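Each value in this text was obtained by applying a stated rule to the coordinates, not by laboratory testing. Every value quoted in this text rests on a predicted model; they were computed, and no experiment measured them. Virtual Cβ from ideal backbone geometry, glycine too; neighbours counted across all protein chains shown.
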Amino acid sequence: MSVVNSLYELAELPAAQRQELNDRADEIVVSILNEVFAKAENWDKLDAEIGVFYENEDDEDFEDDGNLCDIGEAAAIAFGYL
């Protein structure tokens, strides 16, 4: 099935094709949301790993000896480069 670029094109589709798109809409939305949530979890984890190198109100996990290389390494690991 081709990609629909506008609501006008959608309205012009035969009823069977519109129904097929409608039937798959939930599946497509759930798939996109799962991907977004997985990426958000990865970003939250990376934020926590990098956050220990910066002081904030919750200094519990602050590591004074970190540097930009440590931050870069944490990011490279998170993105699968190392």
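Annotations
- Farthest toward positive dipole pole in segment 7-78 [+1 Lys/Arg, -1 Asp/Glu at C-beta], among 78, 32, 50: 32
- Linear extension gain, residue 39 paired with residue 18, 0.36 nm per residue minus alpha-carbon span: 4.5 nm
- Cα→Cβ-extended label distance, 7 Å offset, between residue 27 and residue 7, nm: 2.6
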